[in-house]
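Comments concern the structure below.
Throughout, read-outs are computed from the coordinates displayed, never taken from laboratory work. None of the values given here were measured: they were computed from a predicted structure. So basically every Cβ, Gly included, is an ideal-geometry build from the backbone, and we count neighbours across all protein chains shown.
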Amino acid sequence: MIYSPRYLIDSTGIKSCGIQMNQTIFVDMKKYSLLLATALLAACNSRPLPADLIISGGPIYTMNTTSPIAEAVAVRGDTIVFVGSSKDAEEFKGKETRQIDLKGSTLTPGFIETHGHFMGLGYSEMNLDLMSVRSYDELVAKVKEAVAKAKPGQWILGRGWHQDKWEVKPQKMVKGFQTHEKLSAVSPDNPVFLRHASGHAGFANAKAMQMAGVNQLSVEKLTANVGEGGEIIRDDLGNPTGIFNERAQSLIASIIPENTPESDRQAFHLAMDACARNGITGFHDAGAPRENIELFHQMQAEGQLKARLYVMITGWDRKLIREWYKKGPEIDPKGVTVRSIKLNCDGALGSRGAWLLEPYTDRPDFYGMATLPMDTVLRTSLDGLKNGFQVCSHAIGDRANREILDRYEAAFREFPEVKDHRFRIEHAQHLHPMDIPRFGKLGVIAAMQAIHLSSDRPWAVERLGEKRIKEGAYMWQSLLKTGAKVINGSDVPVEPINPIASFYASVTRKTLEGKPEGGYEPEEKMTREQALRSYTLDAAFGAFEERWKGSIEVGKLADFTVFSKDIMTVDEKDLLTTEIVMTVVGGKTTYEKK
């Protein structure tokens, strides 16, 4: 079947016809009969088959460097068949063609969330959302309200609090964190566990600690059992304060009732709906266990995907990783792809778990911690190269980044024949200046979330001091100048999935309140084109998918995000009032603002 013909001149000077399907086929007429050649030329000169969808009426940013802006795009099935002028798009109009008038709205390639936690996104919409609380008292009030609706003994779960973002700090704090007494007072009969916004710490009440057997007498033994990479924070008398850092969270998490298949399906649908209304057409899931991967396959078989999934296998399950090595990568750009491994190598800055080369400015006896042995990083990197799997390592602190770059470099030396590994460091948030050029030199992708600057930069200076912040924190432009790819996202549910906020942070380096004037370290801002690439074409590159996604070109998947304002030209102050008007995945509308 002929989809979108075009003319070419081959090296012999004979006119040939290329027929565009999933790929371009070049037909040399000298090798075919006169009858076939005549038929092909007739097809080339005929009107193209009608499109199923034509979109026009507003600026279309293609991310194609030869034709960066278009007036119209035509889609047949799930594939783009035309990009160009509105006049030429009329050739693709048929009786059944659906037409969308942008009415001045702006269309871009579909935005790709390159680092988030898909099921965490869904469950965050089912549990207490603490992202907006501005004080400990407000957190306690939310828990009290939830307790009033719960049965005695029912778990109260939530996520999103961040003590450094509170406008009023509690009077009593231990090692920079609140203590559990107020929380426990409003929830005497309900176990409570509230995860930090970063996911790298948790806050438990007395009831939860009692159920887990955590008390003054047991805490040292339990801490030893957790091993390196975990901490139960205690007061001066040795009492647990309710804060469980990094791997110590497992002491509470292990006694929380497991999710059910029904709750997992509900969380899946909530996450898909959140992607659709936020203009997200692709989602890189940063660390999925076996049951989640099985659910994703099941939902794809049932036709329930509203966003395409690129899955990183959790590095905690070594048995699962070995199974995938034997099986090999599963590549389906239209649905669920499994071809990478996620390693969690240090903690977060907010919980002082990020692994640093020098101690924390506000806790000078502490360097953070590795949460995974570096031997495991090297072994996984070697096995990944050998078996065709990308490795994506979480690293926030400058020491964690250096240690991982060292292991990656050693692995690349062992397998020099693997030229296109596309290994990633997830976050790459705080770097030693000497390590920045290594990203470009080694071809390591920096998977960064610009929104973290808006949220963290005002208090991060307390953790690291001004010198380390200015020389190595959120170094987007410096990394790009090394030739490295910088890809964007939100780390949802650590931050809201809304890509407009992260785009704004990318180009302004300001908080979402618009401070400071000129932005933090303004020389590290992205241009608007760079920011758009980081969410589209380079985001697709980060998953080996730039052949199918990331730009609006003939032959690529018809994934689009439509914005209410022109994010490439609108005044900076108006970026955050921009809304998602429509989301299109494979030519089908998954969301439309009413």
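Annotation: the residues T371, T97, sorted from fewest to most other C-beta atoms within 10 Å of their own C-beta, follow the order T97, T371. Tell me what the chain gives for mean residue ellipticity at 222 nm when only DSSP H runs of n ≥ 4 count, each as -39,500 (n - 2.57), the sum divided by the residue total, rounded to 500 deg cm²/dmol. Taken over the chain, the calculation gives -9500 deg cm²/dmol.
Its Cα gyration tensor gives the chain an equivalent ellipsoid; the semi-axes, largest first and in whole Å, are 46, 25, 23.
Axis angle, to the nearest 10 degrees, between helix 290-301 and the longest C-alpha principal axis of the chain: 30 degrees. Roughly what angle does helix 398-414 make with the longest principal axis of the chain, taking Cα atoms, 0 to 90 degrees, to the nearest 10? With rounding to tens, the tilt is 50 degrees. Put a plus charge on the Cβ of each Lys and Arg, a minus charge on the Cβ of each Asp and Glu, and nothing anywhere else: the dipole of the chain about its Cα centre is then about 820 debye. Ordered by the count of other Cβ atoms within 10 Å of each Cβ, fewest first, F283, F415 give F415, F283. The long axis of helix 261-277 is offset from the longest Cα principal axis of the chain by roughly 60 degrees. Checking the a/c ratio against 1.5 first, then a/b against b/c, what shape does the Cα gyration tensor give for the stretch 281-422? Note, shape of the stretch 281-422 comes out oblate. With the simple spin-label model, which puts each label point 7 Å out from Cα in the Cβ direction, the F415 to E513 separation comes to 4.8 nm. Most simply put, the chain has about 55% antiparallel DSSP beta bridges, counting only bridges with both residues inside it.
If you filter the stretch 46-115 for GluC sites (Glu not before Pro), then keep DSSP loop positions with at most 14 other Cβ within 10 Å, what is left?
Passing both the DSSP loop test and the Cβ count: E96.
Using C-alpha pairs under 8 Å with a sequence gap of at least 6, the mean separation divided by the residue count of the chain gives a relative contact order of 16 percent.
Taking the fewest neighbouring Cβ atoms within 10 Å as the starting point, the ordered list for F366, F541 is F366, F541.
Counting only aspartates and glutamates at least 8 places from K221 when in the same chain, those with an alpha carbon closer than 13 Å to its own are E231. Report, in listed order, any pair from K169/K470; K306/K327; K386/K549; K549/K588 with a Cα-Cα distance greater than 20 Å. Table pairs above 20 Å Cα-Cα are K169/K470; K306/K327; K386/K549. Ignoring aspartates and glutamates fewer than eight residues from K594 along the same chain, the ones with Cα atoms less than 12 angstrom from its Cα are E579. The slack between K151 and K588, meaning 0.36 nm per residue of separation minus the straight C-alpha distance, is 153.0 nm.
Restricting the stretch 482-563 to GluC sites (Glu not before Pro) that sit in a DSSP loop and have at most 12 other Cβ atoms within 10 Å of their own Cβ leaves E513, E517. The alpha-carbon of K151 sits under 21 angstrom from the alpha-carbons of these lysines, leaving out residues fewer than 8 places away in its chain: K142, K182, K207.
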